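I have placed the structure first, in the form of structure tokens, so that the comments after it can refer back to it.
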Amino acid sequence: MSVYLAYDGSVNGDWIAHYAINFAAHSPEGLLRVLHVETSNVSGAALAEKFDTIHRIAQRAGVTAEIEICPMRHGAFGGLIERLPKGGDTVVISGVRAHGGRRGVLSGTVSERLLNDQEFTVIALRVVQPGLLGVVRRLLLPVAGHPPGAWSAHALLKLVAPSLTELQLLHVVNLTTRKFRALDATSAGALRHQAQAYLDGVERDVIKGIDLDDVHLDARIRISDDWARELLIDAGRMRADMMAIEAPRASLLGRFKFSDPLELILRDPPCDVAIYRGAA
């Protein structure tokens, strides 16, 4: 597993770099490859100082940081793609906008294009708690109904597991508002029974081969007509440091819209958020 950081030189990028360093520390290589696409947004002196800081933090974490300045190739995305090896073992850490405004937080960003590319594993981060310094102790991990999502979640969990103290798996059975309002106790029980069988299988796949002996593990089911709301409620309830969400495939068919549930989550989350997607 090779860990890459798409670094833009911003303060937000500095926060994300802490996560990338911690992920690299938990990878077999212990190596972080930092890719910065050359722009005029950050002066040379300021950038050199930021690179020195990344080197120092990485060294303290036992990580070797290799920094490369890449030329643009039809924009920043093209410059990154040229340097990223294809395959699921390549893990790319990137960021979303710190303040989205009307543009949204993820829509139109390099991270959105990386998630859509599907040539490697991508973890796009929204940092709202920079004081954590990239250390995840309480993780909320929603799981949906696609095996590739479970495999990608497993890869992400391997990178954060060494620092974890609490892990909550959450499966939301999402219904239309009409069906949810008409749901009776018998039907709800049947849905929960079916969801529990699914969740048991996913739990085995996600945590397989990962040392979680000292981690409090919980798995919960919610029935709702708004899966995004349930994630936000549970993240607040467990005081999560991070929630990690697989990028929904419906969103990846095109550009993320301002009203997309994922955008709503990213806009004002109670904790840091990782949007991930594995290679196709």
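The values are calculated or read from the model by the stated rules, or taken from the named source; none is laboratory data. On a predicted model such as this, the values are computed, not experimentally measured, just so you know. All Cβ positions, glycine included, derive from the backbone under ideal geometry; neighbour counts span all protein chains shown.
Checking the conditions here, which among 160, 172, 143, 136 is surrounded by 20 or more Cβ atoms within 10 Å (Cβ to Cβ) and either more than 29 Å from residue 223 (Cβ to Cβ) or modelled with pLDDT of 95 or more (or both)?
Matching residue, one of 160, 172, 143, 136: 136.
For (1) assigned to a loop (DSSP other than H, G, I, E, B); (2) surrounded by fewer than 19 Cβ atoms within 10 Å (Cβ to Cβ); (3) hydrophobic (A, V, I, L, M, F, W, C), each residue gets a yes or a no:
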{"site": "3", "(1), (2), (3)": "no, no, yes"}
{"site": "15", "(1), (2), (3)": "no, no, yes"}
{"site": "55", "(1), (2), (3)": "no, yes, no"}
{"site": "59", "(1), (2), (3)": "no, yes, no"}
{"site": "68", "(1), (2), (3)": "no, yes, no"}
{"site": "79", "(1), (2), (3)": "no, no, no"}
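Strands (runs of 3 or more DSSP E) wholly in region 88-207 with at least 1 residues that are of a type in the set (Ser, Thr, Tyr) and closer than 27 Å to residue 267 by Cα - which ones?
120-126
With respect to the numbered conditions (1) more than 28 Å from residue 243 (Cα to Cα); (2) in contact (Cβ under 8 Å) with a residue 24 or more places away in the chain; (3) not hydroxyl-bearing (Ser, Thr, Tyr), which one is the sole condition not fulfilled by residue 22?
Tallying (1) more than 28 Å from residue 243 (Cα to Cα); (2) in contact (Cβ under 8 Å) with a residue 24 or more places away in the chain; (3) not hydroxyl-bearing (Ser, Thr, Tyr), residue 22 fails exactly one: (1).
Within the set of pairs 6+ apart or on separate chains, which have a first residue in region 192-219 that is buried (at least 17 other Cβ atoms within 10 Å of the Cβ), a second that is part of a helix (DSSP H, G or I) and hydrophobic (A, V, I, L, M, F, W, C), and C-beta atoms under 6 Å apart?
202/150; 206/150; 206/153; 219/199
Which members of region 168-191 meet the condition of being touching a residue at least 40 places away in the same chain (Cβ under 8 Å) and basic (Lys, Arg)?
179, 181 - these are the residues of region 168-191 that are touching a residue at least 40 places away in the same chain (Cβ under 8 Å) and basic (Lys, Arg).
Take residue 222 and tell me if it is touching a helix residue (DSSP H, G or I) at 6+ places or on another chain (Cβ under 9 Å), more than 14 Å from residue 139 (Cβ to Cβ), of a type outside the set (Gly, Ala, Ser) and touching a residue at least 40 places away in the same chain (Cβ under 8 Å).
In short, yes.
Residue 36 - would you say it is modelled with pLDDT of 95 or more and farther than 22 Å from residue 279 by Cβ?
Judged against the criteria, residue 36 is not a match.
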